[in-house]
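Any read-out appearing in this document is the output of simple, stated calculations on the displayed coordinates, not a laboratory observation. Everything numeric here is computed off the predicted structure, so don't read it as measured data. Quick reminder, even Gly has a Cβ in these numbers, built from the backbone with ideal geometry, and neighbours come from all protein chains shown.
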Amino acid sequence: MATAAATQTKNKSVLWDWLTTVDHKKLAVLYLIAGTLFFVKAGVMAVLIRIQLMTAENDLISGQVFNELITMHGTIMLFLAATPLLFGFMNFAIPLQIGARDVALPFINALGFWIFFFGGLLLSMSWFFGGGADAGWTAYVPLSTREFTGSGMDFYALGLQVSGFGTLISGINFIVTIINMRAPGMTMMRMPLFCWTGLIMSILIVVAFTPLAAGLALLMLDRLFMGQFFIPDYGGNAILWAHIFWIFGHPEVYILIMPAFGIISEVVPAFSRKRLFGYSAMVFAVILIAFLSFMVWVHHMFTIGIGPITNSVFALATMTIAVPTGIKIFNWLFTMWGGKITFNTAMLCASSFVPTFVLGGITGVMLSMAPVDYLYHDTYFVVAHFHYVIIGGIVFGLIAGLHYWYPKMFGHMLNETLGKITFWLLYIGFHLTFFIQHILGLIGMQRRIYTYMSGQGLETMNMVSTIGSFVMSAAIILLVVNIVYSAFTSERITVRDPWDARTLEWSTPTPIPEYNFAQIPQVRSLDPWFYEKVHGDGKMKPSEPLKDIHMPNGSILPFLMALGLFIWGFGMVMINMDVPTVVTGIVIAVGFIMTFGTMVLHSKEDHGYYIPLERVKKIEKEVG
Amino acid sequence: MTKRKSVLRFLPLTAMLLFLAGCGEDRLTALDPYGPAAQWIYDNMILSLYVMALVVIAVFTLFFIAVVKFRRKPGDDEIPKQVEGSKALEVTWTVIPILLLIILAVPTVQGTYFFAEEPPSVGASGEGEEEDVQPEEIIIDVTAHQYWWQFDYPEGFTAGNEVYIPTGEKVWFNLTAGDVMHSFWVPALGGKLDNVPGIESMVWLQADEPGVYYGKCAELCGPSHALMEFKVVALEQDEYDEWVAAMQEEEVLPEENTIEADGRQVFENQGCIGCHAVEGQGGAQGPTLTNFADRERIAGVFEFNDETLESWIRNPEEMKQDNNMPSYESLSDEDMEALIAYLNSLSVEEKMN
């Protein structure tokens, strides 16, 4: 990609190139970097939380700071770490897997990234202005209203509003891409499962992030403009927020787990050398899970006192999700069954996902029994449950995906020995940290407490859990070391397909040219690359003659548009700060004008440019 | 219920849980239930564990066989048979989980209604009028505050942070909150229910044995959420009746020229009485102190002794961040001693004996 880009960016610095890029492969890298930074930040908070809980009546961290840590840990991990890391892989792999030169709307792709990034930055600014958000990631009212919490919650409302907007338009972009940009012959039922889960995730984003945006807008009105939606004293309703939040919040869980399911469904077949067992059942299960995820939100509110009829209905609806999830688990197992499995780091993570996720799944079914949930709710049992799903599912999926796609993205492998040590440390540390938390919940430790009294039998298990979290931290540090170490020592990869894998992204040369495919391939089967290796001549059949390639122009406008939203958001938060109204007004106006001004600038038509045929031939010769 | 429990007792999973129950603190852990509500929850948790154990055994067995048996040997380049799928298998792992879920669904719905049972008077007339309340039926109004609990009894008196109930009968708690959301949880006696400001919801608990049970706030309610504990004191019926009677007695002021009388004077002069009522006399911004000397804990969580009490009065913010009690740092040692003596004299249990 460097050669092709060279003509365009000859006189431009590397920094400018990355700020203006609309290339899905580069945006993928930006997503991964930003996601990793937020992941590390929230991970450090998690370790601080565990250190505080190591001993009874510890006063290292005050209740206020602890609440800020748990709130920011949860919010950042879900919105600013897991989502962008998954988006990174989706951005990289989905256009390649469906045989496209880029996403459908490259400008929107860049805009989505920068808006998400500046939204995250806005949320993080809270630390410098009176402390982080502190009402829990669920921000239950009335605790999250102005009367009880400081400006951290303003940053929460505005930061998530902005970053959620970025996530929303990226989701729309993926839907459009997957529906419109598939190569000839790539029917819906021949798409890799990662594309399917990406599509379903994006649809969930569009449907779930809109109520979140509405809810956050109401919360913002309550906090900044003395609105009365949620404040009981003025006739507002506290349960209303819980409904709005969980109508978003439950699908959000599936928004995150779906692409992880997809990664597992790519890695397991690739390293079992066998096609995915029950492909159509898998697709059906994914759609069913997504559909059901919208009718179970009340199971987060069983103890809010909503009545036996509602609780029963939502309990039964929740149980039904276990069925399609079980279908997926067994299909993964039977993909491995009868295969020839190679256990490298990617496969270790992907295969160990199965038993770990089952443990998270069965506690999920246990939680769905509403009257028994009266015990589990808001205890460490729930904390253990969702960490089993999120770490056991999403984090292991992400690490599997990282090791799997790394050679294609960066042109070299990650060190396998370090990778395997990372896996075992993470695996052992994870179970050590979280398994015991199930029991902690049952013997009376509630969630979100900054300390616990001595003499309540909670000391030993908390100590074990904290030790586990140190082991997990060691694993993550080792992963970062591995990335740096491999960058310097790993051999460059020049082959197309180092894993002997199955899907279209492995048919492209390494490094991938800017335009991905010189000729858009003709797809003849599910797992098209594997099909051509076995039934064809080991090359994709082209679906078009070699010709000039149309490419989109880079642009700085997405960056500026997002920066404008950041300034606007910060101005809105200033309403509650002790600054003159005029200053606040100016900041809001600057941000507003910046965002809408760049929109006006962008309304000028931009037809992109063509890479001439000779250049394409030259590049193909170089990389081929 | 008891029959099923006795059968299950011999099975290993139950044995493991009973072993784990040993880890937790007695009358706190939910693994050692003390009343029918907690017992129901415990039994059904065990039931779900057995059902889920089937799933775990099936998946783990398949997984470990696959992982051990189907490894690729070095140099083996043969491509395994590309299996598309199997309708029979798909149907199997769709139908069996559905059957397992039905086993769990039945008690789930039953239990939801079991716990939603309302006090007879409310159930009969819809809106329970004062006159309809049968004498033996106890409905305690629970108002949760940052970070203490207010218990209003049907007889008209109030208790703070420690709620007394009779053993062997259902006691209803009518929950609401004064500021933010809280959650009322007594793990050894039953499930939890949220205290939501502006909304009232009803939950019942029953203690089968007398004793002091731990209660906790389970919904994040601010910086001192962790310190918002309370106690449920279960008394035998006749002792409970005596306690209720003692709580309703007229206030007896300390005899003149005693240290307690001086303390009472401090209590009034410093304005303590503006927030803390004694025998119904005084404000209600803080927990009532009628039976303060009977308390297990100071401010719900701290060890009960004079030193803790003094440092609490001098600087409550230091001990319980963000709580609403002002500090009395400059109170003279003399006044402090008198105040503590007065507070220590506020016992209802003494009156009972």
Q. Given labels modelled 7 Å from the Cα in the Cβ direction, how far is it in nm from A:Ile483 to A:Leu613?
A. 4.3
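Using r as the Cβ-Cβ distance of B:Ile79 and A:Met226, and R0 as 56 Å, what FRET efficiency do you calculate, to the nearest 0.05? Present the calculation step by step, with values, prior to reporting the outcome.
Numbers: r = 68 Å, r/R0 = 1.22.
The value I calculate is 0.25.
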Q. Which of B:Glu318, B:Glu84, B:Glu236 moves the most in a Gaussian network model of chain B with Cα springs under 10 Å?
A. B:Glu84
Q | Inter-part distance where the stretch B:61-102 and the stretch A:505-568 are each reduced to a Cα centre, Å | A | 33
Q) Angle between the Cα long axis of helix A:279-292 and the longest principal axis of chain A, 0 to 90 degrees, nearest 10? A) 30
(Q) If I stretch the segment between B:Met352 and B:Val68 completely, what's the gain in nm (0.36 nm per residue apart, minus their alpha carbon distance), one decimal? (A) 95.2 nm
Q. Taking the Cα atoms only, what angle lies between the long axis of helix A:459-489 and the longest principal axis of chain A, rounded to 10 degrees?
A. 20
Q | the stretch A:353-414 versus the stretch A:75-91: alpha-carbon centroid distance in Å | A | 15
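According to the square roots a ≥ b ≥ c of the eigenvalues of the Cα gyration tensor, what is the shape class of the stretch B:259-352, taking rounded for a/c under 1.5, prolate for a/b larger than b/c otherwise, and oblate for the remainder?
Cα axes put the stretch B:259-352 in the rounded bin.
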Q | Environment charge of B:Val203, counting only residues whose C-beta is closer than 13 Å and scoring Lys/Arg +1, Asp/Glu -1 | A | -3
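Please report the relative contact order for chain A, taking Cα pairs under 8 Å with a sequence separation of at least 6, and give it as a percent rounded to a whole number.
Dividing the mean separation by the residue count of chain A yields 18 percent.
How much length would be gained if the chain were fully extended between B:Thr92 and B:Gln110, taking 0.36 nm per residue of separation minus their Cα-Cα distance, in nm to one decimal?
3.7 nm
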Q: For B:Lys192, list the lysines whose Cα falls under 19 Å from its own Cα; do not include residues on the same chain fewer than 8 positions away.
A: B:Lys170, B:Lys216, B:Lys231
Q. Applying 1/(1 + (r/R0)^6) with R0 = 35 Å to the Cβ-Cβ distance of B:Glu209 and B:Glu118, what FRET efficiency is obtained, to the nearest 0.05?
A. 0.90
Q | Distance in nm between pseudo-label sites at A:Val583 and B:Glu236 (7 Å out along the Cβ direction from Cα) | A | 7.1
Q: Find how many whole Å separate the alpha carbon centroid of the stretch B:165-201 from the alpha carbon centroid of the stretch A:306-331.
A: 27
Q) How do A:Val267, A:Val534, B:Val171, A:Val464 rank when sorted from fewest to most other Cβ atoms within 10 Å of their own Cβ? A) A:Val534, A:Val464, B:Val171, A:Val267
Q | Cut-off 13 Å, label 7 Å out along Cα→Cβ of A:Val44, residues of the stretch A:466-493 by amide N | A | none
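At a temperature of 20 °C and a viscosity of 1.002 mPa s, determine how fast the stretch A:454-495 diffuses translationally according to Stokes-Einstein, using the Kirkwood radius over alpha-carbon pairs as Rh; express D in µm²/s, rounded to the nearest whole number.
Numbers: Rh = 13.2 Å.
The calculation lands on 163 µm²/s.
Taking the Cβ of A:Gly131 as the center, what net charge do the other residues with Cβ under 14 Å away carry, scoring Lys and Arg +1 and Asp and Glu -1? Present the calculation step by step, with values, prior to reporting the outcome.
Details: positive: none; negative: A:Glu68, A:Asp134, A:Asp154, B:Asp322.
Within the 14 Å Cβ shell, the charges total -4.
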Q | Residue with peak Gaussian network fluctuation, chain B [Cα springs, cutoff 10 Å], from B:Val244, B:Val56, B:Val212 | A | B:Val56
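Want the number for A:Ile428 to A:Asn553: 0.36 nm per residue separation, take away the alpha-carbon distance, what's left?
Value of the extension gain: 40.3 nm.
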Q.
Connecting C-alpha atoms closer than 10 Å in a GNM of chain B, tell me which of B:Ile79, B:Ile102, B:Ile298 has the biggest fluctuation.
A. B:Ile79
Q.
I'd like the mean, over residues of A:54-64, of how many other protein chain beta carbons sit within 10 Å of each residue's own Cβ.
A. 2
Q: Just check the stretch A:367-500 against the gyration tensor rule for me: Cα atoms, a ≥ b ≥ c as the square roots of the eigenvalues, rounded for a/c under 1.5, and otherwise prolate or oblate depending on whether a/b exceeds b/c.
A: prolate
Q | For the stretch A:493-624: rounded, prolate or oblate by the Cα gyration tensor [a/c cutoff 1.5] | A | prolate
Q) With a sphere of radius 13 Å drawn around the Cβ of A:His385, what net charge do the other residues whose Cβ falls strictly inside it have (Lys, Arg +1; Asp, Glu -1)? A) -1
(Q) Run the helix sum for chain B: -39,500 (n - 2.57) per DSSP H stretch of 4+ residues, divided by residue count, reported at 222 nm to the nearest 500 deg cm²/dmol. (A) -12500 deg cm²/dmol
Q) Can you give the direction-averaged projected area of the convex hull of the alpha-carbon atoms in chain B, in nm²? A) 26.8
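In the calculated pair distance distribution of the stretch B:125-248, what percentage of Cα-Cα distances lie above 26 Å? Provide the component values of the computation, followed by the final result.
Working: 1324 of 7626 pairs.
Value for the stretch B:125-248: 17 percent of Cα pairs lie more than 26 Å apart.
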(Q) For A:Lys340, what residues show an amide H to amide H distance below 5 Å, using hydrogens built from the backbone and excluding near sequence neighbours? (A) A:Arg273
Q | Residues in the stretch A:418-433 reached by a label modelled at A:Phe470 [backbone nitrogen below 14 Å; 7 Å Cα→Cβ] | A | A:429, A:433
**Q.** Angle in degrees between helix A:396-410 and the longest Cα principal axis of chain A, rounded to the nearest 10
**A.** 30
Q) Using the Kirkwood radius built from alpha carbon pairs, what does the Stokes-Einstein equation give as D for the protein assembly as shown at 37 °C and 0.692 mPa s, in µm² per second? A) 108
Q. Under a plain spin-label model, where a point goes 7 Å from the Cα along Cα-to-Cβ, how far apart in nm are B:Glu250 and A:Val14?
A. 8.9
Q | Computed [θ] at 222 nm, helices only, for chain A once each DSSP H run of length n ≥ 4 contributes -39500 (n - 2.57) | A | -22000 deg cm²/dmol
